[in-house]
1. I want the local charge near C168. Using Cβ-Cβ distances under 15 Å, sum +1 for each Lys or Arg and -1 for each Asp or Glu among the other residues.
2. Between S247 and S120, what length in nm is gained on full extension when 0.36 nm per residue of separation is reduced by their alpha carbon distance?
3. Using modelled backbone amide H atoms (1.01 Å from N, in-plane), which distant-in-sequence or interchain residues come within less than 5 Å of E111's amide H?
4. Could you line up H373, H243, H327 from fewest to most neighbouring Cβ atoms inside 10 Å?
5. Checking the table K211/K266; K266/K291; K211/K384; K121/K197; K121/K266 against a 21 Å threshold on Cα-Cα, which pairs fail?
6. With a 10 Å radius around each residue's Cβ, average the other Cβ atoms per peptide and rank 171-184, 117-130, highest first.
7. Using amide H atoms built in the peptide plane, which far-off residues or other-chain residues are under 5 Å from I267 H to H?
8. Contact order normalised by length for region 327-375, with contacts defined as Cα pairs under 8 Å and 6 or more residues apart; what percent is it?
Amino acid sequence: MKHFKSICALLMCLLLAFPFAACGGNQDGGQGGNQGGTQNEQGTQDGSQSGNEQEGQGGSQSGNEQEGQGGSQSGNEQESQGGSQSGIEQESQGGNQNQPETPSSGFPITEEAPGEGPQSKSNITSVEGVPLITLNNGVQMPRFGLGTQIQELENGDLGTLNRTSRECVAAALEAGYRHLDDAHGYLNERGVAQGIKDSGVPREEIWITDKLWPSEYANAATAIDQMLDRLDVEYIDLLYLHHPAGSIATIESAWRAMEDAYREGKIRALGISNFDNRMEAFNAIMDEEIKPQVMQIECHPMAQRVETRELAAQYNIQVECWYPLKHADDTLLGDTTLEEIAEAHGKSVVQVIVRWHIQEGFSVIPGSTNPAHIQENIQVFDFKLSDEEMDRIRALDRGDRGRSFRLQYGNSAGMFGSAPREWNGEF
Ligand SMILES: NC(=O)c1ccc[n+]([C@@H]2O[C@H](COP(=O)([O-])OP(=O)(O)OC[C@H]3O[C@@H](n4cnc5c(N)ncnc54)[C@H](OP(=O)(O)O)[C@@H]3O)[C@@H](O)[C@H]2O)c1
């Protein structure tokens, strides 16, 4: 059964990275083709994070922080308990969301999020001990959330996918999650939107992340408005370019449309996803007026992404980890070091992995469709890994050999150029 799960996970990996490639001709809109991800190698262990943080517990590595408990190492910090070692301190919850601080990296703060517009209604606070990070534009983001992609259902009936997403999101919000990671490419925005409504949690108290698909880059302004409609919200908290696919000019034009939407108050923070796989595109974005606040990359104890984290730190960009559990791969969840540490704390291996991400300073978005797992995964703010335990987990890093994917992108968007399927059914 374990082997079967591993094989399924591998297949799901392909779906994840190439949601439409794997769907092939079954996708409306003519997606297909095979993107063919390959493994790459990079990094060894440790590495540093950046950004301005606020935590429930535990230490983070740098940047401007705000913690519920525990210590952080540097930067401008905000803590409710425990001692911070340096920097600016503020209250742990609420307030001050649009007050940028000087980043510890010395990299200039990017253009501050506008005070006016729909986004000004946001009211993000720490719930269940989840740390908030103050991003390089002064906006605060919960550093833990739910990954909403359900790869297993992307090939099938989109009504089933959206109904499942609705239930997962409502369960997560009920459990105290206040950060949801979505993408147009996950084909479930309407389900996520319905789950938010079902939960009764005010939209303003939730951090909603979405991602533009490359097929939308050439008409990104329209795509952003369509996204707002599908999510049925006035603003998106974090909008990523999902993949650095297609011509650099088109990627830049999409970024500029995102900058415009940011200035109009439709988006609170901007991000780049998977740009670690195409430095030409990464560098092009760094030349734009508004720098990214967050970059999303594959990262977990077996692929700790040291070099990419150092790169992000140079620009004071927060790193957010996709595949934090390596999609429940047995090589990670069955690791004996993690099992020993978990036993010592009376926690599960998954909880130790999520806790490791938090103490490393990452934003982390484990995915789950199981309400018990959703509940379990947020129960990580009542214990702390010791320095020795953190080092033991850092020693699990396999560099880029530990990565599940290394996507290859080029001037042709290829299969990324096909539009995602849309679901217009009723709940
Ligand atoms: N930017 C990108 O290109 C990109 C790529 C991939 C993913 N992402 C984002 O990252 C999120 C996370 O990635 P992911 O969901 O693919 O992988 P993941 O979070 O590493 O792992 C999810 C898997 O772990 C299992 N799981 C979760 N909690 C568990 C627990 N407590 N005990 C045992 N198993 C557990 C889930 O099964 P159950 O459902 O049974 O709990 C699911 O099979 C995605 O949802 C998506 O939002 C972004």
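1. On the way: positive: R163, R166, R178, R190, K197; negative: E152, E154, E167, E174, D181, D182, E189, D198, E376.
Result for the neighbourhood of C168: -4.
2. Numbers: separation 127, 0.36 × 127 = 45.72 nm, distance 3.38 nm.
Between S247 and S120, full extension yields an extra 42.3 nm.
3. Close amide H contacts, sequence-distant or interchain: K291.
4. With the fewest neighbours first, H373, H243, H327 line up as H373, H327, H243.
5. Values: K211/K266 14 Å; K266/K291 17 Å; K211/K384 32 Å; K121/K197 17 Å; K121/K266 11 Å.
Too far apart for the 21 Å limit: K211/K384.
6. Taking the mean over residues of other Cβ atoms within 10 Å, the ranking is 171-184, 117-130.
7. It is I236, Y262, by chain and number.
8. Working: 20 pairs, mean separation 9.8, N = 49.
The normalised contact order for region 327-375 reaches 20 percent.
Read the figures in this text as sums done on the coordinates, not as results from a lab. Because the structure is a prediction, the values reported are computed rather than measured. Reconstructed Cβ throughout: ideal geometry from the backbone, glycine too, with neighbour counts over all protein chains shown.
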